[in-house]
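Q: Mind having a look at this structure? Questions to follow.
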Amino acid sequence: MTKVLNADALPGPTELKRVKRRRPGLLVANAIVLVLAAMAVTTIFTNPRFEWNTVAKYFFEIRVLKGIGVSIGMTAATMALSLVSGTVVALMRMGESRLLSTAAAAFIWVFRSIPMLVQLLFWYNLAALFPTLSLGIPWGPRFITFDSNTVIGPLTAAIIGLTLHETAYIAELIRSGLLAVPDGQRQAASALGLTPTQIFFRITLPQALRVIVPPMGNELISLLKATSLVSVITLADLLYSVQLIYAKNFQTVPLLIVAAIWYMIITGVITLLQQRLERRLGRHTLISADRAGKAKRIEHSV
């Protein structure tokens, strides 16, 4: 016998009670994280060997600030040069010319294979291989000749090595972003009569940037940290500056903490800028997707 439910007997929306699902595993994980965080904070601020007074004393020391300027300047210059050269290499890699594509692939393979530290040391010691550098006609007369030690100083060697290394990675990031845009959108935009330049800047690039920006932000942070390697060629970046200080006062750990905190602060600023750029690109991507959708509908109607 089927029992008929009375609709009046059912509880109303206001009478229903939301029962929270019990998750004992999540509670245990939260408790473990809180205990570990409390242990870490307690250890950091109660261990006198951290010498926080020394950290505060040298945090804004003039040599440290100059080292920060060198690190940020190298990061900005290298990223700017790498974006330009990486875009060129990516377009060569995606081009129709097999020779250019092969050359770009070989460039990426070489400079992704060689460790950055090896590249820095190589460019710093370029004078051992080429004592002089000259400008002129290939296999012809030389117009200007330079001493390699004068032209390739520590800063120049650092920027060359970092730029070549980053170009190989950025080229692949840009290529992956461009390939992520469906080819049908470019075909639809071409059917509307848009020029290749208009298609690239109005359809392809805004959508590709949404894919490129997150890994590019990580690459920028990695580049900032990689600038610490230039200390091996005696360039006074942030790390080398604190090394010079603790070599005299023997306060190694406090000075390394100073460098670590500054790296975290700069990385935090880069992360915030990256998040704002991603939100801004998200709005532009919706507009570009709407344009591409209209173009695709028009193509199907035709």
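Q: Which of the peptides 128-138, 161-171 is most tightly packed, and how do the rest follow, judged by the mean count of other Cβ atoms within 10 Å per residue?
A: My ranking of the peptides, most packed first, is 161-171, 128-138.
Q: What shape does the range 98-168 take by its C-alpha gyration tensor, where a ≥ b ≥ c are the square roots of the eigenvalues and a/c under 1.5 counts as rounded, a/b above b/c as prolate, and the rest as oblate?
A: Oblate.
Q: Sticking with this one: Based only on Cα atoms, what Rg/Rh ratio does the chain have, Rh being taken as Kirkwood's radius?
A: Reported Rg/Rh (Cα atoms, Kirkwood Rh): 1.15.
Q: Counting Lys +1, Arg +1, Asp -1, Glu -1, what net charge surrounds Lys225 among other residues with beta carbon under 14 Å of its beta carbon?
A: Once positives and negatives cancel, what remains is -3.
Q: For the range 109-244, what class follows from the C-alpha gyration tensor (a ≥ b ≥ c being the square roots of its eigenvalues): rounded when a/c is under 1.5, otherwise prolate if a/b is larger than b/c, else oblate?
A: Cα axes put the range 109-244 in the oblate bin.
Q: Sort out for me the Cα centre separation of the range 209-235 from the range 113-190, rounded to whole Å.
A: 16
Q: Same structure again: Per residue of the range 140-145, what does 6.51 cos²θ - 1.76 cosθ + 1.60 with θ = phi - 60° give for ³J(HN,Hα)? Whole Hz please, x for Gly and Pro, Karplus curve as stated.
A: x, x, 9, 8, 9, 10
Q: Could you compute the net charge surrounding Ala103? Neighbours are other residues with a C-beta less than 14 Å from the C-beta of Ala103; K and R count +1, D and E count -1.
A: Within the 14 Å Cβ shell, the charges total +1.
Q: Right, something else. Of all the C-alpha pairs in the range 30-140, what % are more than 16 Å from each other?
A: The answer is 81 percent, as a whole percent.
Q: Still on this model: How high is the relative contact order of the chain, in percent, with contacts defined as C-alpha pairs under 8 Å that are six or more residues apart?
A: Across the chain, relative contact order equals 24 percent.
Q: In addition: Can you tell which of Arg202, Arg175, Arg276 shows the greatest fluctuation in a Gaussian network model of the chain with Cα springs below 10 Å?
A: Arg276
Q: Moving to a separate point now. All other residues with a Cβ under 13 Å from the Cβ of Leu162 taken together, and with Lys, Arg as +1 and Asp, Glu as -1, what is their net charge?
A: -2
Q: Summing -39500 (n - 2.57) over the DSSP H runs of n ≥ 4 in the chain and dividing by its residue number, what mean residue ellipticity at 222 nm do you reach, to the nearest 500 deg cm²/dmol?
A: Helix contribution divided over all residues of the chain: -24000 deg cm²/dmol.
Q: Starting from the amide H of Thr132, placed 1.01 Å from N in the peptide plane, find each other amide H under 5 Å away whose residue is 5 or more places distant or on another chain.
A: Those qualifying (amide H under 5 Å, at least 5 residues apart or on another chain) are Ser148.
Q: Can you count the Lys pairs in the chain with C-alpha separation below 29 Å, eight or more apart or on different chains?
A: Number of lysine pairs found: 7.
Values in this text are rule-based calculations from the coordinates and carry no lab data. This is a predicted model, so every value here is computed, not measured. For neighbour counting, all protein chains shown are included, and Cβ atoms are generated from backbone atoms with ideal geometry for every residue, glycine included.
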